[in-house]
Amino acid sequence: MNSKSTYKLIGPIKQLIGLEHLPVHGPLRDEALTSIVNGGIITHNEQIHRIGTFSELTEEAKNVKAELIKLHEDFVCVPGFIDAHTHICFAGSRAKDYAMRNAGQSYLNIAKAGGGIWDTVTHTRKADQQELAEGVQKRAHTLLNQGITTIEVKSGYGLSIEEELKMLRAIQSAQINTKADLIATCLAAHVLPKDFDDNHQSYLDAISNILFPILTQEQLCNRIDAFIEQGAFSPTDIYPYFKKAKAMGFDITVHADQFTVGGSQIAVDIGAVSADHLEASTKNEVNLIAHSNVVAVALPGASIGLGCDFAPARKILNTKGALAIASDWNPGSAPMGDLLTQACILGTFEKLSNAEILAGITYRAAAALKLNDRGRLAKGKLADFNLFQTDHFNEIFYHQGKLTPAQVWKRGCLVSYKNCI
Ligand code: NIG
Ligand code: FE
């Protein structure tokens, strides 16, 4: 926190895309991306004080005694990106799984044969909290340089009370050394641990009765996730687990319909904040989600990593759903960890407008995390924004992730920059 009140005027900015008034639900045409030409931003400490044209802000800057950060090249400014679904707290590599999948084995078969999630659990359990925290910091640093200023991070490779706590404490301590905001989620219901010699129900009971109160006590997270899938947890297992979590004040998010359907129904029934994956969703599930308040989160990185279909993003939007896009960065199904590239690729396959791609990784991703204070550039929102060295926003998507931000601003501070040409 700044103890001193400081204002900064950043500009002039060739195109400033604030997304202030765009809806959370439904399709968006590119014409909706109204921009301020030759604009600027006045920040006040961590927040946006005002956006407008550079000339009107120059007047206002005098009143508030803002420091001028003058830009000398053409820049396009967009809100800081939000990756609403990652698993970047892990140890080990699953390069072998990847090779096996490409050689024809399925994700679920590799898991049954002892690879898959359990392999990462074994490595993650061997790592201590400090090592895990360093891994999170390193990956968060990579993401921040790509313009991702808020990162959701799941546990789920511990799969016991102590080991899940170790992961969530590692995420909490990683926050001290990264400028990106980390939003932790408990995914203790990822798969049934192989060394738990009882059934799914008693595992979930142990987690909800013992782990949940500690999460609240230590303020480790306020979100609970579960993987609803064959070989993981069934809808019948998970419904009472989510009910308990909700009654204790947690928000719910679901790994839903990745290979088979069932998860999205639970997401809607329980009133989850988001349902993520949805690669297997049919018309029925699309309708269910789109007519609810659950944000659909497409994870193109998992489709690319596994060689599977993409989530039906176009249909979700056309049915008036809210569509966010996240990387799912994890060592198994989505090892790439490049949100903008993946969102652009999803756009080419699912025929998304640039506005829909941008909304999916900014304010719609904020909605998937129930965060109201970011994802758009407007007075009172966090001063999280990216400056791309180009003269038109279309260039950002056209380069499919190869054009990265020249400057990343987080909570009113320049946290990453490249020398401009
Ligand atoms: O979102 N589907 C389940 N969980 C992760 C993958 C985790 C892993 O393979 O390690 C996912 O794709
Ligand atoms: Fe995931």
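The values are calculated or read from the model by the stated rules, or taken from the named source; none is laboratory data. All figures in this text were calculated on a predicted structure; none of them were measured in a lab. Note that we place each Cβ from the backbone using ideal geometry, even for glycine, and neighbour counts take in every protein chain shown. Quick note on the areas: whole protein, heavy atoms, side chains included, nothing else; ligands and nucleic acids left out. Shrake-Rupley method; radii C 1.70, N 1.55, O 1.52, S 1.80 Å.
Applying both filters, DSSP loop and at most 10 other Cβ atoms within 10 Å, to the trypsin sites (Lys or Arg not before Pro) of the stretch 31-134 gives K65.
D391 sits among other residues whose Cβ lies under 13 Å from its own Cβ, and their net charge, with Lys and Arg +1 and Asp and Glu -1, is -2.
How do Y157, Y107, Y239, Y98 stack up against each other in accessible area, from largest to smallest, with a 1.4 angstrom probe?
Numbers: Y157 5, Y107 40, Y239 80, Y98 100 Å².
Descending order: Y98, Y239, Y107, Y157.
Extending 7 Å from Cα along the Cβ direction at K62 and again at N209 yields two label points whose distance is 7.0 nm. Label positions at Y239 and Q105, each projected 7 Å from the Cα along the C-beta direction, are separated by 3.6 nm. Keeping the other protein chains in place, figure out the carbon and sulfur percent of the accessible area of the chain, with a 1.4 Å probe. Carbon and sulfur atoms account for 51 percent of the accessible area of the chain.
Please give me the summed charge of the neighbours of L369: other residues whose Cβ is under 11 Å from its Cβ, Lys and Arg +1, Asp and Glu -1. Walk me through the numbers before you get to the answer.
Details: positive: R223, R364, K370, R374; negative: D83, E152, D181, D251, D373.
It works out to a net charge of -1.
For the stretch 194-320, the dipole from Cβ point charges (+1 on Lys and Arg, -1 on Asp and Glu) about the Cα centre works out to 580 debye, to the nearest 20. Here's the picture: charge each Lys and Arg Cβ at +1 and each Asp and Glu Cβ at -1 in the chain, and of T34, Y107, A302 the one pushed furthest to the positive end of that dipole is T34.
Across the stretch 82-368, C-alpha contacts under 8 Å between residues 6 or more apart give a mean separation that, scaled by the residue count, equals a relative contact order of 17 percent.
Estimate the FRET efficiency between N145 and A247 by the formula 1/(1 + (r/R0)^6), using the beta-carbon distance for r and 30 Å for R0, to the nearest 0.05.
On the way: r = 40 Å, r/R0 = 1.34.
The value I calculate is 0.15.
Which loop trypsin sites (Lys or Arg not before Pro) in the stretch 392-421, with loop taken from DSSP, have no more than 13 other Cβ atoms within 10 angstrom of their Cβ? Counting only loop positions with at most 13 other Cβ atoms within 10 Å, the trypsin sites (Lys or Arg not before Pro) in the stretch 392-421 are K402, K418.
Each peptide in 369-376, 357-364 gets a packing score, the mean of other Cβ atoms within 10 Å over its residues, and the list from highest to lowest is 357-364, 369-376.
Out of all DSSP beta bridges with both ends in the chain, state the antiparallel percent to the nearest 5. Spell out each step's value before the answer.
Numbers: 26 of 58 bridges.
Approximately 45 percent, going by the DSSP bridge assignments.
Since only A127, F393, A272 are under comparison, the one whose Cα sits farthest along the positive direction of the charge dipole of the chain, derived from C-beta charges on Lys, Arg, Asp and Glu, is F393.
Give, rounded to the nearest 20 debye, the magnitude of the charge dipole that the chain has about its Cα centre when Lys and Arg contribute +1 at Cβ and Asp and Glu contribute -1 at Cβ.
I would put it at about 760 debye.
Computed from backbone phi with θ = phi - 60° and the Karplus coefficients 6.51, -1.76 and 1.60, the 3J(HN,Hα) list for the stretch 264-273 is 5, 4, 5, 4, 6, 4, 8, x, 5, 6 Hz; x is used for glycine and proline. Phi angles of the stretch 381-390 translate, via the Karplus equation with coefficients 6.51, -1.76, 1.60 and θ = phi - 60°, into HN-Hα couplings of 7, 4, 7, 10, 7, 10, 10, 9, 7, 6 Hz per residue; Gly and Pro are given as x. Quick one: net charge around G115, please, counting Lys, Arg +1 and Asp, Glu -1 for every other residue with C-beta under 15 Å from its C-beta. Overall, the nearby charge balance is +3.
Taking a ≥ b ≥ c as the square roots of the eigenvalues of the Cα gyration tensor of the stretch 82-368, is the shape rounded (a/c under 1.5), prolate (a/b larger than b/c) or oblate? Here the stretch 82-368 falls in the rounded category. Per residue, the stretch 82-368 exposes 35 Å² of accessible surface when a 1.4 Å probe is rolled over the protein heavy atoms with every protein chain present.
Spin-label model, I69 to F349: label points 7 Å out along the Cα-to-beta-carbon direction sit 3.6 nm apart. When nucleic acids and ligands are ignored and a 1.4 Å probe is applied, K179 ends up with an accessible area of around 130 Å².
How big is the charge dipole of the stretch 152-208 about its Cα centre, in debye rounded to the nearest 20, if each Lys and Arg gets +1 on its Cβ and each Asp and Glu gets -1 on its Cβ? List each step's numbers first, then the result.
Details: 5 positive and 9 negative charges, 69 e Å.
Dipole about the Cα centre, nearest 20: 340 debye.
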